[in-house]
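For reference, the structure is listed below as structure tokens.
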Amino acid sequence: MSRIIVVTSGKGGVGKTTTSAAIAMGLAKKGHKTAVIDFDVGLRNLDLIMGCERRVVYDFINVINGEATLNQALIRDKNCNLLYILPASQTRDKDALSQEGVGKVLDELRKEFKYIVCDSPAGIERGAHLAMYFADDAFVVTNPEVSSVRDSDRMLGLLSSKSRRAEQNEEPIKEFLLLTRYSPERVKLGEMLSVDDVQDILSLHLLGVIPESKSVLNASNSGMPVILDEKSDAGQAYDDIVARYLGEDRPHRFIEDKKGFFRNLFGG
Amino acid sequence: MSNTPLGLEFKSSTFSVPVLILSTENLDVIQQQLQDKVKQAPEFFKSSPLVLDLQELNKSGYSMDVSVLVRLIRRVGMFPVGIRGGNVQQNKQAVDLLIPVYSIDHREVSSSKKEVAPAESAKPKEPLKVKQVSTTLITQPIRSGQRIYAEGDLVILAQVSAGAEILAEGNIHVYNSLRGRALAGVQGDESARIFCFDLAAELISVAGNYKVSEDLNHVVRNKPVQIYLQDQALIIKDIELHH
């Protein structure tokens, strides 16, 4: 059985595309055939993060409109041959997405792929709605600050009321929390919400915490999903997240302030 | 484009109409008691409009043929102008007799012991749709942007997020954190109350009397409280939990 995962948040700039790229790569590296779709029609970014922007011929909208086949539009990743990217159109707008068209493309992808990762645009309008509508699982990406948490809460409400599973009274979408750009030092200084604060507000299962890291920016600039940077903390954090999603039990590594932890340990 | 002067106009107006609350199906008893009433105050009852309330009757499981009842009341000299609290069949009989069907007004349920109680208002609502007032139970979190409306009481076992709105015509119970907006007694029931385990609401309101978060003293925040109306003032009172 294939699973459709939506990576969503409500708010922009919290790390949805970085997360989509990283977990899609992580799932593929674990041996699962995975497709990642950019739903941000008109503001496409995923192809840049995945480093395939120069190989885009056809896009998602072309497939929906029947101007290209799915196989023509899917781009095979150069680092992992089980990973495929379906880029968004940069010249169209989100009105070009239709529920019926998206559903048809996803049905076709389900036949071939184990995981289908949908990179949602920001906001709660058409693009974001269609990205989550067919989902089985939702990765809710949140930054540890109040407005981002509030927007995630709003998105969780939509997931439980406006999705296909909700409308057809099926088992609800499984929701997971990903806390990104987390800085234990700043939490300690009271400049940032803590993991506990966020979980208290959202009461949601925490899949993982991604620390604020330079490696994320470096990865984006070089077009390599950050999960491939195995030495970086962010890369390791995404690796943990993928493993936990697949059922592995891994302790959380990036919630505590490491420096502080050692200071406490050695009484410094 | 016509120059004809305006021939009609719709205006909303409120009337005071007696409500006849029946508690027996015995037509002879009803007729006798009605005649006695009319004799006591013929000026008041003669040709008076009347709304029939069958709620008590149906609750007790008695049956009543509306057409027979209407004929009886007209014989006594009063004009039935509405029915409420009837079952589907009774409502249909009423509509067949061109008598409008009203919904139950919760504000005066408590006064239903009296045989004739004046109605505060009798605004026609959707005919033939009888509200089944029951408790709404919700076990999932109410998220920001979601809105829940309960026609009776509302019981929520999960949290109510900031940016969410819960409304009830009756009481509201939240057995978790209340961070959104909670409005009880939204149709005017001043006896409605809000109960919550952890008060952190953006707004609380009972029958239109509200307080916003800023007005909530830190003494009442983040603990179990009940909120009710007393002399048009919202009272927030701790709930003592015994462990």
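The values are calculated or read from the model by the stated rules, or taken from the named source; none is laboratory data. Since the model is a prediction, treat every value here as computed from it, not as a measurement. A quick note on method: Cβ atoms are made from the backbone with ideal geometry, for glycine too, and the neighbour counts reach across all protein chains shown. Note: areas computed on protein heavy atoms with side chains; ligands, DNA, RNA excluded. Shrake-Rupley method; radii C 1.70, N 1.55, O 1.52, S 1.80 Å.
Contact residues in the stretch B:144-160 (at least 20 Å² less accessible area with all protein chains than alone, 1.4 Å probe): B:SER144, B:GLY145, B:GLN146, B:GLN159.
Subtracting the Cα-Cα distance of B:ILE138 and B:ASN209 from their residue separation scaled by 0.36 nm leaves 23.1 nm.
Here the 3J(HN,Hα) profile of the stretch B:220-228, calculated from phi with Karplus coefficients 6.51, -1.76 and 1.60 at θ = phi - 60°, is 9, 7, 6, 8, x, 9, 10, 10, 8 Hz, Gly and Pro shown as x.
I'd like the distance between the alpha-carbon centres of the stretch B:140-202 and the stretch A:154-205, rounded to an integer number of Å. Value for the Cα centre distance between the two parts: 21 Å. Its alpha carbons give chain B an Rg and a Dmax of 22.5, 77 Å.
Applying a DSSP loop filter and a limit of 16 other Cβ atoms within 10 Å to the GluC sites (Glu not before Pro) in the stretch B:187-243 leaves B:GLU190, B:GLU240.
Within 10 Å of the Cβ of each residue in A:158-169, the mean number of Cβ atoms contributed by other protein chains is 1.
Full extension of the segment from B:GLN230 to B:ASP36, taken as 0.36 nm per residue of separation minus the current Cα-Cα distance, would add 65.9 nm.
The A and B chains share an interface that buries close to 800 Å² of accessible area, total over both sides, probe 1.4 Å. Its relative contact order, with pairs defined as Cα atoms under 8 Å and 6+ residues apart, puts chain B at 11 percent. The apolar share of the surface of the stretch A:146-268, taken as the fraction of accessible area on carbon and sulfur atoms (1.4 Å probe, ligands and nucleic acids excluded), comes to 50 percent.
Per-residue extension of 0.36 nm, minus the Cα-Cα distance of A:ARG54 and A:LYS231, leaves a gain of 61.0 nm for this segment. Peptide A:200-209 has a mean shielding of 2, counted as Cβ atoms of other protein chains within 10 Å of each residue's Cβ. Each label point is 7 Å from the Cα along the Cα-to-Cβ direction; what then is the distance between the points at A:GLU67 and A:GLU100, in nm? That separation, rounded to one decimal, is 1.9 nm. Pairs of Lys residues in the stretch A:143-259, spaced 8 or more positions apart or belonging to different chains, with C-alpha separations under 22 angstrom: 9 in total. Placing dummy labels 7 Å off each Cα toward the beta-carbon, the span from B:VAL95 to B:SER191 is 3.1 nm. In the context of the full set of protein chains, the protein assembly as shown has a per residue accessible area of 51 Å² (1.4 Å probe).
Highest mean first, the peptides B:173-185, B:85-97 sorted by other C-beta atoms within 10 Å per residue fall in the order B:173-185, B:85-97. Using only the C-alpha atoms, the convex hull of the protein assembly as shown corresponds to 256 Å³ per residue.
Counts of other chain beta carbons within 10 angstrom of each beta carbon in peptide A:125-137 average 0. Using a cutoff of 8 angstrom between alpha carbon atoms and counting only pairs six or more residues apart, the relative contact order for chain A works out to 24 percent.
Placing a pseudo-label 7 Å from each Cα along the Cα-to-Cβ vector at B:VAL29 and A:ASN169 gives an inter-label distance of 4.3 nm. When only alpha carbons are used to place a centre, the stretch B:25-62 and the stretch A:62-113 end up 72 Å from one another.
A Förster radius of 41 Å combined with the Cβ-Cβ distance from A:ASN79 to A:ASP249 puts the calculated FRET efficiency at roughly 0.90. The simple Förster model, with R0 at 60 Å and r as the Cβ-Cβ distance, assigns A:ASP93 and B:SER47 a FRET efficiency of 0.35.
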